[in-house]
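Written out below as structure tokens is the structure these notes cover.
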Amino acid sequence: MYPAEESSYLYYMIRVGTSGFSFPDWKGTVYPAGLREREMLSFYEKELGFNALEVNFTYYTLPSQKSFAAMSQKTSDDFEFVVKAYKGMTHEIRDRETGELINNEETFKKFKYSLEPLRSKGKLAGILAQFPYGFFPNRENFGYLEKFKEEMGDVPLVFEFRNENWFRDTTFELLEKKGIGFCIVDEPKLPKLMPYIPRATSEIGYFRLHGRNPSWFNVPASVRYDYLYSEKELKEFVPDIQDISKKAAKTFVFFNNCHAGSAAKNAAQMAKLLSEQ
């Protein structure tokens, strides 16, 4: 957060961070080579200076309250987390044989239960639900988005779409009606991927910068995000971030180009650029 007395943003709040913090290839680049894994989160906040984190391991496994309690204890009262939704809530939602939506209410309950240590400390900023490229805008899927909101109750939500077909008025109307944030993505300018659309649909403004690796579809996921933004490219985002911050109560800027520590470097650059405004 950039305090009013130190920034021209006055009443607006912007937080910058990365999508994940614990990566083997960050040792020796972002973190000291000998830093232990359990010390990384504290280093991320105290030494790198970030006050927000997008938690991504929760996509692969349903988290536990114990995990979040430990993360909360390692961060200050001002630190905030956005937690990525489990894949059983966004990707694995249909029966493989019939193609019909499955009943995943229990999954939602377990996921929501795990968040309590963060909620009780006021550190849960929201949930990021990233839907896959194959999730298309049809009546059934629009209904699923509404169900998602109902299942999560009063937990703030941000939806990320990967397919450009979601770029339509009905999408933004639903998000605004339900008070769901729209994830503004920057990713390679490739056919059918979601374009960069700086728009706010709730009290949360949300930028997720994936990098611009042109080999997005042709390389392993481990190197898909191998991209380092130049300072010139970063500066181009600043006016849009400023604009969104005036429309939202809180704005997050997360870098997901995590390969070889690029995200941490770019996030630090962005925080500096914003503080100079």
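Some points to look at:
- Legend: ranking of residues F237, F142 from fewest to most surrounding C-beta atoms inside 10 Å; resulting order F142, F237.
- If R0 is 30 Å, the Cβ-Cβ spacing of Q73 and E105 corresponds to a FRET efficiency of close to 0.45.
- Taken about its Cα centre, the chain carries a charge dipole of roughly 320 debye when the Cβ of each Lys and Arg holds +1 and the Cβ of each Asp and Glu holds -1.
- Looking at the chain, the DSSP beta bridges with both ends there are about 5 percent antiparallel.
- Global form of the chain, assessed from the alpha-carbon gyration tensor, a/c cut-off 1.5: rounded
- Working from Cα pairs under 8 Å separated by at least six residues, relative contact order for region 4-275 is 20 percent.
- Among the GluC sites (Glu not before Pro) found in region 183-262, those both in a DSSP coil and sparsely packed, with 14 or fewer other Cβ atoms within 10 Å of their Cβ, are E203.
- Span-rule helices in the chain, defined as complete DSSP H runs reaching 15 Å or more along the axis (Cα) with Kyte mean at least -0.5: 262-275
- The GluC sites (Glu not before Pro) of region 13-103 that DSSP puts in a loop, and whose beta carbon has at most 15 other beta carbons within 10 Å, are E47, E92, E97, E100.
- Summed residue charge, Cβ within 12 Å of F237's Cβ, Lys/Arg positive, Asp/Glu negative: -3
- For region 31-75, the list of chymotrypsin sites (Phe, Trp or Tyr not before Pro) that fall in a loop by DSSP and count at most 14 other C-beta atoms within 10 angstrom reads Y60.
The numbers here are math on the coordinates, done by the rules we state, and not lab data. Remember, it's a predicted structure, so these values are computed and weren't measured experimentally. Backbone-built Cβ (ideal geometry, glycine too); neighbour counts: all protein chains shown.
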